[in-house]
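We did not get these values from a lab; they are worked out from the coordinates using the rules stated. This one's a predicted model, so the numbers in the text were calculated from it and none came from an experiment. Heads up, the Cβs are rebuilt from the backbone with ideal geometry, glycines too, and the neighbour counts pull from every protein chain shown.
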Amino acid sequence: MTVVKLTNLKADLPSTPPNTARAGNAAARHAHEITGAAADHWDFDNSLNPAIVLIEDSVGAATPINLSVKVVPSGVPISWDAPRDIRPAPKGDHVDIAKRSGKPKLTANAVDNTKATLLADAVDTFHIAPFVDCNGSHAFEPTIDLEPYLAMNLVLVRVQGKINSSVAQPANARAMSLAGGVPSAAGGCQVQTDAAALGIAASAAVHSKATVLLIGGGRDGLLGLDEVFTGWCQHIAATGTSASAPQGLDIFAQYQMPAPPPPPPATHRQFFMFTRTGPRARRSCRRPPRRQWSTPAR
């Protein structure tokens, strides 16, 4: 008889990478660990052993979740599995949720069986379990065989688009002076939508609105949704047709100064610059100082 102890089940979680990394601000990985020091660390109940909550397909093959566990005595062969939460009602997941995907892909390390990788390519509640396969079934079966194991609960949430009613309404944007009325050298220039109805979709230049369906775990599909944050992410990048240096948005203002004595007035352009200069970002549209002309006394 061999007495086995499993501890320190660790999931090294990658953050979802940005489409474009800006100024070295890539998010770091995060470690979640079950020490194996309390009875709850073997429990499948989310209220006792809180689950990791991730969005389906948020973790891909290029940057998987790295799993590891410690075993005593060393050299005991460890197997890995991530079965669904199929506990009978009212605890387990609903069968309709289980039909929506297979299990997440879990791959044991070919050299060191105390390590494995996991993808988030599923939807449901799962139990990440390193275990000793005493009966040789190659599957984690806690209800059939009392195999040594640790458990880390995982909820993978599906975000499914339903309606996207976002619209662009450029006719609602207009240029005017800072005091209202036609832009002028004296009154400056601003671009705005209907000031009397700010926040109203019909008056916006751009209106973003969408409806999505969220499917988590549990009997009602709501498990894990309290840890999901949703919102709009606006990404503004330099435009390839921009005439500014360095390139910014392809948005500019063109104007002439009041006519002086000869030479004739020149045409000026001012650009919107969205760029990073030095230690801080500067986002502004600046106008050069106004020129002044004088005529000799007669």
Sequence-distant or interchain residues sharing an amide H contact under 5 Å with residue 109, placed H: which? 115, 116, 117
Ranked output for segments 64-76, 165-177 by mean other Cβ atoms within 10 Å, highest leading, reads 64-76, 165-177
Please give the peptides 210-221, 144-155, 102-113 ranked by average Cβ packing (other Cβ atoms within 10 Å per residue), highest first, as a rough proxy for protection. 144-155, 210-221, 102-113
Determine ³J(HN,Hα), in whole Hz, for all residues of segment 82-92 in sequence, where each value follows from phi through the Karplus function 6.51 cos²θ - 1.76 cosθ + 1.60 and θ = phi - 60°; x replaces Gly and Pro. 9, x, 6, 7, 10, 4, x, 3, x, 8, x
Vicinal HN-Hα couplings computed from phi for segment 3-12 (Karplus, 6.51 cos²θ - 1.76 cosθ + 1.60; Hz; Gly/Pro x): 8, 10, 10, 10, 9, 6, 6, 10, 10, 8
Rounded, prolate or oblate for segment 5-162? Axes are the square roots of the Cα gyration tensor eigenvalues, ordered a ≥ b ≥ c, and the cut-off for rounded is a/c under 1.5. oblate
Search the structure for amide H atoms under 5 Å from the amide H of residue 52, placed 1.01 Å from N in the peptide plane, and list their residues when 5 or more places away or on another chain. 153, 154, 155
Cut-off under 5 Å, modelled amide H: who pairs with residue 219 long-range: 94
